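The values are calculated or read from the model by the stated rules, or taken from the named source; none is laboratory data. Computed from a predicted model, the values in this text were never measured in an experiment. Glycine also receives a Cβ, built like all others from the backbone with ideal geometry; neighbour counts cover every protein chain displayed. Side chains are part of the model used for accessible areas, which takes the heavy atoms of the whole protein and leaves out ligands, DNA and RNA. Shrake-Rupley method; radii C 1.70, N 1.55, O 1.52, S 1.80 Å.
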Amino acid sequence: MLTGCQNKPSTHEQQIKTEQRNKTIKANQKNWNKKLENIKVLDQNEFENAFIKIPNGYNDESTSLKNLENGNQYLIEGQLIDLKSMIDRPIAPETEAIVYVSKVISGDRKLQGKTIKTVFAGGLTKGKYLYEDYGIKNSQETIYYSSATFPMPKIGSHLIMGIGNYHPDNKRQEEMYGKFGLTKNNFYTINNPETTFWVKTNGKYQINNPAFNNSAAKHEFKNIYKLTDKFNQQ
C-alpha cells in the first residue's frame, strides 16, 4: 500500500506539471500567432457554403458512445499543446498537432498522461500546392488554407477525439510523413475528424464541424447532440 501511494503523483506534483504545461502553451500560442502574421489567408467566401457540409457517409442512427468506443482504437480527451506547420506537405495542407492526453475514455490507458502527435487538416502551405481556381499566381507564396469542415482549434483548446496507431498506406506516404518526424512510433491518426472531433468552446464541448452547429442540424442529427451532452456531463 505504501509503495502504491509513493508511486502515485502527488497533487502538488500534478499542479507543478499543469503550471509548466500552461506556460508552454502560452509561449507556443505566441510563436504560432507570430508565424501567421502577414500571411495571406485563402479567401474561400464564394465556396464556403458548398464546402461546409456533413459527410455523405455519416449515419446519426449509429452514433453513440458505445459505437464511438468500439470504432476507435483510443477515444481520448486532451489539450492542444502546440501546432507545427508542414509547409512542404504536397497537395492537401496539414498541420502537425501536439496533444497532451489528459484522459483515455476508452482503449489502452498507456496513453494517459502522455503527449502524442497527430495532424489537422489545413494550415500553412505554398501556392504551388493549391488549385489554380484560387487564383494564386506566386507558386512560392506562403498561404494559410483553412479547412471548411475542420476549423483549426486554438493552441490550449481542450479536445475529444477518436484516434488510432498510424499505419502507412504505402511507402511514399511513410516517407512523406517521416520528413516531418511523424512515424509509426509517435503518430496517431484521427478517425473521421469531420464527425468524431469535439472542441471545448466557452466551457462546453461542441462538434468541431460547423455543419452540425445550426438549428436544422440539431433537429435532424439528434444522436450526435446526445453524445455531446454526455461529454459535457463528465
Response to the item:
Calculated from DSSP helices alone, with each H run of at least 4 adding -39500 (n - 2.57) and the total divided by the residues of the chain, [θ]222 nm to the nearest 500 comes to -8500 deg cm²/dmol
Response to the item:
Taking Cα atoms only, helix 222-233 is inclined relative to the longest principal axis of the chain by an angle, in degrees rounded to 10, of 50
Worksheet item: With θ set to phi - 60° and the Karplus curve 6.51 cos²θ - 1.76 cosθ + 1.60, what are the ³J(HN,Hα) couplings of segment 137-153 in order, to the nearest whole Hz, using x for Gly and Pro?
Response: 8, 9, 5, 9, 5, 7, 9, 9, 10, 9, 7, 5, 9, 9, x, 5, x
Worksheet entry | Under Karplus coefficients 6.51, -1.76 and 1.60, residue-wise ³J(HN,Hα) of segment 167-184 in Hz, glycine/proline x | 10, x, 5, 6, 5, 4, 5, 4, 5, 4, 5, x, 5, 9, x, 9, 10, 5
Discussion item. In segment 35-232, if the dipole is taken from +1 on Lys/Arg beta carbons and -1 on Asp/Glu beta carbons about the Cα centre, which of Ile155, Leu36, Thr115 is farthest to the positive end?
Written reply: Thr115
Worksheet item: What residues qualify as long-range amide H neighbours of Gly122, i.e. H under 5 Å apart, gap of 5 or more or another chain, H built at 1.01 Å from N?
Response: Glu94, Thr95
Discussion item. Quick check: at a probe of 1.4 Å, how many percent of the accessible area of segment 35-232 sits on carbon and sulfur atoms?
Written reply: 44
Worksheet item: So which of Lys40/Lys117; Lys34/Lys184; Lys179/Lys204; Lys171/Lys200 end up more than 29 Å apart, counting from Cα to Cα?
Response: Lys34/Lys184; Lys179/Lys204; Lys171/Lys200
Fill in: Electrostatic dipole magnitude of the chain [Cβ: Lys, Arg +1; Asp, Glu -1; Cα centre; debye, to 20]
900
Worksheet, complete the sentence: HN-Hα couplings for segment 71-83 via Karplus (6.51, -1.76, 1.60; θ = phi - 60°), in whole Hz with x for Gly/Pro, come out as x, 10, 5, 9, 10, 10, 10, x, 10, 6, 8, 7, 10
Discussion item. At 1.4 Å probe radius, can you tell me the per residue accessible area of the chain in Å²?
Written reply: 61
Practice prompt. Normalise the Debye intensity by I(0) for the chain, one equal point scatterer per Cα, no solvent, then take log10 at q = 0.07, 0.08 Å⁻¹ and round to two decimals.
Written response: -0.26, -0.34
